[in-house]
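These notes are about the structure you will find just below.
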Amino acid sequence: MKLVYSDQYDLNLGNHVFPSTKYRLIKEKLLQENVIKPQEIVDPAPATDDDVALVHDRNYIWKLRNAKLSYVEILRMEVPYSPELVQAVWLSAGGSILAGRLALEEGLGVNGGGGFHHAFPDHGEGFCVLNDVAIAIRRLQKDGLIERAMTLDCDVHQGNGTAAIFGADETVYTVSIHQENNYPYPKPPSNLDVNLPNGVQDTEYLAVLEDTLDQALSEFAPQVVFYLAGADPYQEDQLGGLKLTLLGLEHRDRIVFERTRAKGIPVAVTFAGGYARHVADTVRIHANTVKVATEFVGSESGPAVQ
Ligand SMILES: [Zn+2]
């Protein structure tokens with residue numbers, strides 16, 4: 001299996017609740033544990049400005065490119081502006097485009113980054129600058145590779161940017177399973193929103209996920225699913241209020257791959273958020289997602305080896 005990854009995914013955030021070194025740490029763990037081989041790591045090309053403009057306003061792109069964001073705009077992003085940040089988000093968008101293409105070719109594509117679902121066409125917020133998943137979907141559509149896509153957002157925070165971008169678009173079906181009593185406020189409607197109460201644990205979450213996937217896939221037939229495998233529904237997350245365990249999150253990933261595989265739908269994975277008290281837990285959760293994904297690559301009917 002290929003892992004789309006760049007050392008420049010690091011958003012250069014320094015001492016921040018968002019551990020932007022996580023991308024490198026996850027890649028290292030996957031290599032250490034022989035989940036992936038060095039030759040399976042694919043370096044993405046950055047998205048072009050024309051790709052980005054399929055989703056974002058040209059004026060916003062220009063301000064990002066030329067360090068012209070206002071103080072208030074940077075505050076709203078909640079991450080410090082830097083040339084490295086700009087490079088990282090353009091690369092992450094390119095990585096999600098590539099993961100989408102790999103998904104269509106091989107059944108599964110993994111971007112070892114991305115999932116910046118709080119980015120809107122004209123502004124960034126909540127640590128998200130460019131909406132890489134939306135850009136990838138628009139680019140795949142433009143290239144004629146797909147017509148219909150689904151986003152399955154399992155980050156603990158609702159995918160407000162994605163919901164707003166595709167709100168009036170019948171070619172993209174957005175699903176978000178999140179904690180209701182948490183950022184963002186307001187929550188623009190996805191096609192299917194599941195507002196979970198505080199403290200939901202594994203069993204309840206996994207049952208809700210199964211029902212939600214069944215409903216979404218009965219209402220809409222996507223040619224690709226973009227899965228945002230947020231690590232922040234974890235019980236030790238600093239910005240989340242759900243109570244999933246490491247094992248529960250791994251089970252979550254397996255359900256997503258099993259259900260989509262059963263219908264023959266390719267999946268492109270992005271990581272999205274993760275703010276566990278111990279960075280090692282966030283790294284473990286994301287690495288597990290990739291590990292579970294490898295079980296489904298190249299097999300027609302599910303895991304080859306249990
Ligand atoms: Zn989140």
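The values are calculated or read from the model by the stated rules, or taken from the named source; none is laboratory data. Small disclaimer: the values here were computed from a predicted structure and weren't measured. Please note: Cβ atoms are built from the backbone with ideal geometry, for glycine as well, and neighbour counts cover all protein chains shown. Side chains included, ligands, DNA and RNA excluded: accessible areas come from the protein's heavy atoms. Shrake-Rupley method; radii C 1.70, N 1.55, O 1.52, S 1.80 Å.
Shape class of the stretch 174-306 from the alpha-carbon gyration tensor: oblate, with a/c at 1.5 or above and b/c at least as large as a/b. Each pair of Cα atoms in the chain enters the Kirkwood radius, and Stokes-Einstein at 20 °C and 1.002 mPa s then converts it into a translational diffusion coefficient of 114 µm²/s.
Rounded to the nearest 20 debye, the dipole magnitude of the stretch 181-249 is 200 debye, with +1 charges on Lys and Arg beta carbons, -1 on Asp and Glu beta carbons, and the Cα centre as origin.
Using only side-chain charges placed at the Cβ, +1 for Lys and Arg and -1 for Asp and Glu, the dipole size of the stretch 86-193 relative to its Cα centre rounds to 180 debye. Taking each residue as 0.36 nm, the span from residue 245 to residue 68 lengthens on full extension beyond its C-alpha to C-alpha distance by 59.5 nm.
Mean separation of Cα pairs under 8 Å and 6 or more residues apart, divided by the residue count, gives the chain a relative contact order of 19 percent.
Summing charges over all other residues whose Cβ lies under 15 Å from the Cβ of residue 45, with Lys and Arg as +1 and Asp and Glu as -1, gives -4. Put simply, the C-alpha atoms of the stretch 1-112 give a gyration tensor, and the ellipsoid matching it has half-axes of 27, 19, 9 Å, longest first. Positive end of the dipole of the stretch 198-306 (Cβ unit charges, origin at the Cα centre): among 240, 228, 206, the Cα lying farthest that way belongs to 228.
The spacing between the stretch 214-254 and the stretch 149-183, judged by their C-alpha centroids, is 12 Å. Rounded to the nearest 0.05, the FRET efficiency derived from the C-beta distance between residue 204 and residue 170 at R0 = 45 Å is 0.90.
Using the Cβ-Cβ distance between residue 143 and residue 31 with R0 = 30 Å, the FRET efficiency computed as 1/(1 + (r/R0)^6) comes to roughly 0.45. Per the 1.4 Å probe, what fraction of the accessible area of the chain, in percent, lies on carbon and sulfur atoms? Roughly 49 percent, rounded to a whole number. When only the Cβ of Lys, Arg, Asp and Glu is charged (+1, +1, -1, -1), the dipole of the chain relative to its Cα centre reaches about 500 debye.
When the Gaussian network model of the chain links Cα atoms closer than 10 Å, the mean-square fluctuations of 262, 47, 293 top out at 262.
Here residue 7 and residue 277 are evaluated by their C-beta separation; at R0 = 35 Å the FRET efficiency comes out at 0.85.
For the chain, lysine pairs with C-alpha atoms less than 26 angstrom apart, excluding pairs fewer than eight positions apart on the same chain, total 23. Restricting the stretch 1-53 to GluC sites (Glu not before Pro) that sit in a DSSP loop and have at most 13 other Cβ atoms within 10 Å of their own Cβ leaves 33. Divide by every residue of the chain the summed helix terms, -39500 (n - 2.57) for each DSSP H run of at least 4, and state the resulting mean residue ellipticity at 222 nm, rounded to the nearest 500 deg cm²/dmol. For the chain, the value works out to -12500 deg cm²/dmol. Residues whose amide H falls under 5 Å from that of residue 174, counting only those 5 or more places apart or on a different chain, are 151, 191, 192, with hydrogens built in the peptide plane. Simple rule: put +1 on each Lys or Arg Cβ and -1 on each Asp or Glu Cβ in the stretch 74-222, find the dipole, and look at 110, 217, 140; the Cα lying farthest toward the positive end is 140. Shape class of the stretch 1-47 from the Cα gyration tensor (axes a ≥ b ≥ c, square roots of the eigenvalues): oblate, since a/c reaches 1.5 or more and a/b does not exceed b/c.
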